[in-house]
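Shown next, in structure tokens, is the structure this report addresses.
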Amino acid sequence: MANAGIGASVEFIVTRAVKSGERGVPCLVGPTGWGKTRALGMILRGAGYDPVVICNPQVDLPEDIGGHPRVTPDGFLTFTQPSMIPRELVDKDGWALVVDELDKSREDNQSAMLSLFEERRIRHTTLKPGVALVAAMNEPKRPLRPELLSRLLLLPYPGPDTQILARGDL
């Protein structure tokens with residue numbers, strides 16, 4: 001594996017889960033400040049996904065994630081493009097979406113995250129099959145919805161072979 005220090009086991013599992021999509025959305029879980037999001041970015045870039053887009057459901061409003069409601073000229077309710085997904089990437093493959101700080105996700109955003117993880121879509125916006133979807137979170141201080149957790153492949157980070165603070169002078 002190309003990313004020394006991340007841990008071959010974590011890298012292997014994330015890469016395999018992203019490519020196959022059969023075991024749930026890979027989610028690194030670990031202490032604050034240990035580089036979970038950075039590690040996911042390195043793994044995904046090493047696997048050929050570019051760009052890597054970060055979504056933060058703890059600060060985004062539900063309208064930012066799900067799109068703003070609007071009425072069409074013929075009277076139908078629809079929603080604008082979610083701002084968390086760059087407009088130029090909506091119809092493209094080969095990029096990655098990292099849902100960061102999932103443990104702090106606002107209650108009203110957890111439904112959108114469930115739809116994203118289960119169906120790869122939010123309202124009218126569907127991710128292409130070639131888009132990698134991963135998540136990162138700290139150990140939750142408050143419970144997340146069980147149905148949301150059931151869509152995740154929870155991976156402890158750092159893993160058993162991760163070298164986060166390796167120093168040769170100690």
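The numbers here are math on the coordinates, done by the rules we state, and not lab data. Fair warning: this is a prediction, and the values are worked out from it, not measured in the lab. Using ideal geometry, Cβ is built from the backbone for each residue, glycine included, and neighbour counts are taken over all protein chains shown.
Find out how many positive minus negative residues lie around Val134, taking Lys and Arg as positive, Asp and Glu as negative, among other residues whose Cβ is under 11 Å from that of Val134. Please report the intermediate quantities before stating the final value.
Working: positive: Lys36; negative: Asp100.
Neighbour charge sum, excluding Val134 itself: 0.
Under a 5 Å amide H to amide H cut-off, with H placed in plane at 1.01 Å, what residues pair with Arg121 once short-range neighbours are removed?
Leu116, Leu127
Can you give me the Rg/Rh ratio for the stretch 96-139, using Cα atoms for both radii and the Kirkwood formula for Rh?
Details: Rg = 10.6 Å, Rh = 11.0 Å.
Reported Rg/Rh, Kirkwood definition of Rh: 0.97.
What nm distance separates the two modelled labels at Thr32 and Asp93, each placed 7 Å from Cα along Cα→Cβ?
The two pseudo-label positions are separated by 4.0 nm.
Taking K and R as +1 and D and E as -1, what net charge do the other residues with C-beta under 15 Å from the C-beta of Gly33 add up to?
-1
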